[in-house]
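Down below is the structure, laid out as structure tokens.
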Amino acid sequence: MSRRRLVAGGAVTGLAGALGFAALTKRPAQAGMMSSDAAMNDVEILNGALYYEHQAIWAYSAAAGELSDSAVGQAVLNIALANQADHMIHRDTLAQVISDLGGMPVMAESSYDLSSYLERGDGGLDSDVNIAKLALALETDAAIAYASEVARLMTPALVTAGATIASAEAAHATTIRAAFISLGVEIDYVPAAFVSADTRDQWVLKV
């Protein structure tokens, strides 16, 4: 699968989703009943998700080093670390499921290109506020990506698990928006009834 098939963003988050994926690994008979084509299809899609989990983990680490010691900076850091921990859970679980399906999990790269976000004004690395906006854009895109890509999975248990991850990514985005509201920014916690490519501009905050 082309890396462009999933919108850049973390991938991948939340204990509920992780437990959903892990449940499949405990039913080897079910995995064994899958056709080779179905397994190959799902491995490809899950590896795309795993790639963006690696990216999300890296992005949060890179951004953390740019945050200030101010109250705002530390608040953003706390949110970032919580979100990153979820991404790590999904990274490990996705890798295990891919292996159980007979695939080879993609490895993390040393760095990832976020220039498209910076060029669009979907956040930045030059201030605590802009780093939070960048995280919001990444989490929004992760929610959009999971919602669209899980429908292509051929294993029902994986579809269900992927859907829970999409909702967790949306929850991450809402948490970041709540942080802006706590700072006095007049925005809605949930700006649209759907999280999709059509409503993306309502979810992200421009620099």
### Query
Quick one: accessible area per residue over region 130-193, 1.4 Å probe, rounded to a whole number of Å²?
37 Å²
### Task
Return the distance in nm (one decimal) between the two label points of a simple spin-label model at E109 and S61, each offset 7 Å from Cα along Cα→Cβ.
1.5 nm
### Message
Rounded to the nearest percent, how much of the accessible area of region 75-124 (1.4 Å probe, protein heavy atoms only) is carbon and sulfur?
### Response
58 percent
### Message
Can you give me the % of accessible surface on region 148-203 that is carbon or sulfur? Probe 1.4 Å, all protein chains present, nothing else counted.
### Response
61 percent
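Hey, what does the equivalent ellipsoid look like for region 57-207, semi-axes from the Cα gyration tensor as sqrt of 5 times each eigenvalue, largest first, whole Å?
27, 19, 13
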### Query
Going out from 0 in 5 Å bins, what whole percent of all Cα-Cα distances in region 113-185 drops into each bin?
4, 17, 21, 18, 16, 11, 7, 4, 1
### Pair V207, D126: separation of 7 Å Cα→Cβ label points (nm)
0.5 nm
### Message
Suppose each label sits 7 Å from its Cα in the direction of the beta carbon; what would the S35-Q96 distance come out to in nanometres?
### Response
2.9 nm
### Query
Taking amide hydrogens as modeled 1.01 Å from N in the peptide plane, which residues meet the under 5 Å criterion relative to T199, leaving out close sequence neighbours?
none
### Task
Quote the FRET efficiency, to the nearest 0.05, computed for T160 versus I187 with a Förster distance R0 of 35 Å and r equal to the Cβ-Cβ distance.
0.65
### Query
What are the radius of gyration and Dmax of region 80-120, computed over its Cα atoms and given in Å?
13.6, 39
## Note on the structure
So, over other residues within a Cβ distance under 12 Å of T174, counting Lys, Arg +1 and Asp, Glu -1, the net charge is -2
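The values are calculated or read from the model by the stated rules, or taken from the named source; none is laboratory data. Keep in mind that what you see is a predicted model, and the values were worked out from it rather than measured. Note that we place each Cβ from the backbone using ideal geometry, even for glycine, and neighbour counts take in every protein chain shown. For accessibility, only protein heavy atoms count, side chains too; no ligands or nucleic acids. Shrake-Rupley method; radii C 1.70, N 1.55, O 1.52, S 1.80 Å.
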